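Accompanying notes for the structure given below.
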Amino acid sequence: KGKRAFIAGVADDIGYGWAIAKSLAAAGAEILVGTWVPALSIFETSLQRGKFDESRILPDGSLMEITKIYPLDAVFDNPDDVPEDIKTNRRYAAYTNWTVQEAAESVKQDFGSIDILVHSLANGPEVSKPLLETSRKGYLAALSASTYSNVSLLKHFLPLMNPGGSAISLTHHASQRVFPGYGGGMSSAKAALESDTRVLAFEAGRKHKIRVNTVSAGPLKSRAAKAIGFIDTMVEYSKANAPLQKELSADEVGNTVAFLASPLASAITGAVIYVDNGLNAMGVGV
Ligand code: NAI
């Protein structure tokens with residue numbers, strides 16, 4: 001009770017970030033979100049116009065409240081990193097303080113501290129290209145947006161996290177096994193994210209008593225997943241071949257994040273927790 005969460009990567013009501021926000025809200029946490037600058041205006045307008053009201057309903061019948069929405073672009077750590085064309089871009093110029101460092105400073109000014117940090121974002125501009133056809137630029141962009149963003153978020157939010165707090169990111173099994181179609185260096189980005197989870201768990205655990213984990217989620221037809229292109233196939237494949245033959249709901253991932261953020265998980269850190277109906281356990285589909 002009384003915990004405060006900052007969830008980076010919420011821009012609609014269908015992705016994992018929204019479901020995580022709901023599960024944390026249902027468990028009594030105060031919700032702050034960080035929304036990608038180019039998606040912020042539509043997200044805020046839709047929220048204000050009640051477009052998400054139905055999906056805001058919590059198990060007790062009340063509506064999830066988002067206390068504050070922060071603009072965020074997690075590929076930039078501070079204003080010195082921002083190139084001129086982004087600075088002057090109409091969608092970016094409409095907002096201020098959206099680099100990671102500035103967002104952390106804003107949250108500190110507004111609320112002082114947080115207990116839970118969630119990274120639910122990824123971007124790989126060349127995701128639809130096989131690794132052999134991926135450019136250096138595309139590969140590094142995938143790592144920057146999907147992996148270093150997690151290091152940077154934790155680095156900048158750690159000083160305002162209360163001891164006993166918890167940081168959680170989302171990963172994909174393509175880090176460990178081949179998923180043709182999950183290209184552009186995104187498989188590499190997730191492998192690095194999982195390795196970072198262990199190192200960050202050590203460093204943040206020793207320094208600040210913060211736990212760091214990642215949830216390896218099964219397929220969800222989110223906005224980002226639709227952009228990759230083979231999400232319908234993955235949903236069907238999972239339903240046909242996983243030990244549990246049902247569609248995965250975003251809430252199941254949200255509830256796991258709420259568990260990992262809670263004292264019930266007080267000895268779990270540096271872990272990759274699969275929430276995928278068990279698909280990762282299979283060697284072949286049957
Ligand atoms: P989503 O589209 O709901 O979430 C991705 C979010 O990242 C979006 O809100 C987008 O605006 C934001 N974003 C992109 N670049 C950003 C940047 N530079 N700065 C700040 N925000 C940025 O899609 P989804 O699928 O819910 O993704 C959330 C996480 O779940 C990602 O890490 C993804 O890799 C992971 N995941 C998704 C699976 C799926 O099947 N949908 C399966 C396993 C993991």
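The values are calculated or read from the model by the stated rules, or taken from the named source; none is laboratory data. This structure is a prediction, so every number in the text was calculated from the model and none was measured. Cβ: placed from backbone, ideal geometry, glycine included. Neighbour counts: every protein chain shown. Ligands, DNA and RNA are stripped out before the accessible areas are found, and what is left, the full protein with its side chains, is counted by its heavy atoms. Shrake-Rupley method; radii C 1.70, N 1.55, O 1.52, S 1.80 Å.
For residues that are away from the ligand (no atom under 14 Å from the Cβ) and touching a strand residue (DSSP E or B) at 6+ places or on another chain (Cβ under 6 Å), tally how many sit in region 116-134.
Residues that pass the stated criteria total 1.
If a residue must be among the acidic types (D, E) and either surrounded by 20 or more Cβ atoms within 10 Å (Cβ to Cβ) or away from the ligand (no atom under 12 Å from the Cβ) (or both), how many such residues does region 198-233 contain?
Taking region 198-233 and keeping what is among the acidic types (D, E), we get 203, 232.
Narrowing the set further to residues that are either surrounded by 20 or more Cβ atoms within 10 Å (Cβ to Cβ) or away from the ligand (no atom under 12 Å from the Cβ) (or both) leaves 203.
Number of matching residues: 1.
Give me a count of the residues in region 102-115 that are within 16 Å of the ligand (Cβ to nearest atom) and either without any contact (Cβ under 8 Å) to a residue 60 or more places away in the chain or closer than 10 Å to F6 by Cα (or both).
The qualifying residues number 4.
Restricting attention to region 118-140, report how many residues are within 30 Å of R211 (Cα to Cα) and without any contact (Cβ under 8 Å) to a residue 60 or more places away in the chain.
Of the residues in region 118-140, 2 are within 30 Å of R211 (Cα to Cα) and without any contact (Cβ under 8 Å) to a residue 60 or more places away in the chain.
Does Y70 satisfy the condition of being open to solvent by 40 Å² or more (accessible area, probe 1.4 Å), among the aromatic types (F, W, Y) and touching a strand residue (DSSP E or B) at 6+ places or on another chain (Cβ under 8 Å)?
Values: open to solvent by 40 Å² or more (accessible area, probe 1.4 Å): no; among the aromatic types (F, W, Y): yes; touching a strand residue (DSSP E or B) at 6+ places or on another chain (Cβ under 8 Å): yes.
For Y70, the condition - open to solvent by 40 Å² or more (accessible area, probe 1.4 Å), among the aromatic types (F, W, Y) and touching a strand residue (DSSP E or B) at 6+ places or on another chain (Cβ under 8 Å) - is not met.
Would you point out the residue of region 154-174, among those that are touching a residue at least 40 places away in the same chain (Cβ under 8 Å) and closer than 17 Å to I228 by Cβ, that is surrounded by the fewest Cβ atoms within 10 Å (Cβ to Cβ)?
For region 154-174, the residue satisfying everything is H173.
Take the conditions in contact with a Leu (Cβ under 9 Å, 6 or more places away or on another chain), small (G, A, S) and either open to solvent by 20 Å² or more (accessible area, probe 1.4 Å) or under 20 Å from L117 (Cα atoms) (or both) and apply them to A39. Does it pass? Steps first, answer last, please.
Working: in contact with a Leu (Cβ under 9 Å, 6 or more places away or on another chain): no; small (G, A, S): yes; either open to solvent by 20 Å² or more (accessible area, probe 1.4 Å) or under 20 Å from L117 (Cα atoms) (or both): yes.
No.
If you check Y92 against the conditions, is it out of contact with any strand residue (DSSP E or B) (no Cβ under 6 Å at 6 or more places or on another chain), under 25 Å from I14 (Cβ atoms), assigned to a helix (DSSP H, G or I) and of a type in the set (F, W, Y)? I'd like the intermediate steps shown before the answer.
Values: out of contact with any strand residue (DSSP E or B) (no Cβ under 6 Å at 6 or more places or on another chain): yes; under 25 Å from I14 (Cβ atoms): yes; assigned to a helix (DSSP H, G or I): yes; of a type in the set (F, W, Y): yes.
In short, yes.
So, in region 118-153, exactly how many residues are open to solvent by 10 Å² or more (accessible area, probe 1.4 Å) and closer than 24 Å to S266 by Cα?
Counting residues in region 118-153 that are open to solvent by 10 Å² or more (accessible area, probe 1.4 Å) and closer than 24 Å to S266 by Cα gives 3.
Need at least 2 residues that are polar (S, T, N, Q) and on the phi < 0 side of the Ramachandran plot per element, so show me which helices (runs of 4 or more DSSP H) inside region 124-212 make the cut, counting only ones lying wholly within it. Walk me through how you get there before you give the answer.
Working: elements: 136-143, 149-157, 186-208.
Passing ranges, in order: 149-157, 186-208.
For residues in region 42-55 being within 16 Å of the ligand (Cβ to nearest atom) and not β-branched (V, I, T), which is surrounded by the most Cβ atoms within 10 Å (Cβ to Cβ)?
Looking at the filtered set, the residue picked out is F43.
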